[in-house]
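J.: First, the structure itself, so that you have it in front of you.
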């Protein structure tokens, strides 16, 4: 994956640049990601919060995760595009939505998490490591 990423929301009101390489890319099958994506999973790139520069105004929604941590999702208030999320249990990390990348082909997922919640019709690469929940 590249050392620099760029992306935006659907309407272009929110843009971002990430100056460091992703730590990992993954597919998440948790119900929260299913609901926010409108699909069977969300593809995420884990990046350092220090590397991310966002331009524009985001709205935020918080909820308690299965782990008890607070997950905060940032999205465009104009078009509703999901841009990233953060977890109180993983300080310093940001979970960018691959769908918001200018070139989503740059995301090369290395695993699938919350595979025990995967929807039967959402077929994944069988070669990817799968974890029933969040790997430790």
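Nothing in this text is a laboratory measurement; each read-out follows from the coordinates by a stated rule. Predicted, not measured: the structure shown is a model, and the values here were computed from it. When we count neighbours, we look across all protein chains shown, and the Cβ atoms used for this are built from the backbone with ideal geometry, even at glycine.
J.: Kindly state, to the nearest 0.05, the FRET efficiency for residue 50 paired with residue 70, given R0 = 22 Å and r defined as their beta-carbon distance.
T.: It comes out at approximately 0.60.
J.: To the nearest 0.05, how large is the calculated FRET efficiency for residue 59 and residue 103 if R₀ is 22 Å and r is the Cβ-Cβ distance?
T.: Result of the calculation: an efficiency of 0.30.
J.: Give me the percent of DSSP beta bridges within the chain that run antiparallel, rounded to the nearest 5.
T.: Looking only at bridges with both residues in the chain, the antiparallel portion is about 90 percent.
J.: Sort 3-15, 24-36 for me by packing, meaning the mean count of neighbouring Cβ atoms within 10 Å per residue, highest on top.
T.: Taking the mean over residues of other Cβ atoms within 10 Å, the ranking is 24-36, 3-15.
J.: If you don't mind, another one. Kindly identify segment 69-136 as rounded, prolate or oblate by the Cα gyration tensor criterion: order the square roots of the eigenvalues as a ≥ b ≥ c, call it rounded if a/c is under 1.5, otherwise compare a/b with b/c, prolate if a/b is larger, else oblate.
T.: The shape class here is oblate.
J.: Taking the chain as a Gaussian network, where each spring joins two C-alpha atoms under 10 Å apart, which residue of 81, 59, 67 fluctuates the most?
T.: Largest GNM mean-square fluctuation: 67.
J.: Under a GNM of the chain (C-alpha, springs under 10 Å), which listed residue has the highest mean-square fluctuation: 118, 98, 110?
T.: Checking each option, the largest mean-square fluctuation is seen for 110.
J.: Within segment 1-31, which residues have the backbone N less than 18 Å from the label spot 7 Å out from residue 125 along Cα→beta-carbon, could you tell me?
T.: 1-3, 22-29
J.: Can I ask one more? Points 7 angstrom from Cα along the Cβ direction at residue 37 and residue 79: gap in nanometres?
T.: Label at residue 37, label at residue 79, 1.9 nm between them.
J.: Most fluctuating residue of 126, 17, 91 in a GNM of the chain with Cα springs under 10 Å: which is it?
T.: So, out of 126, 17, 91, the one fluctuating most is 126.
J.: Now, a different point. From zero outward in steps of 5 Å, how is the percent of C-alpha pairs of the chain spread across the bins?
T.: 2, 11, 21, 25, 22, 15, 5, 1
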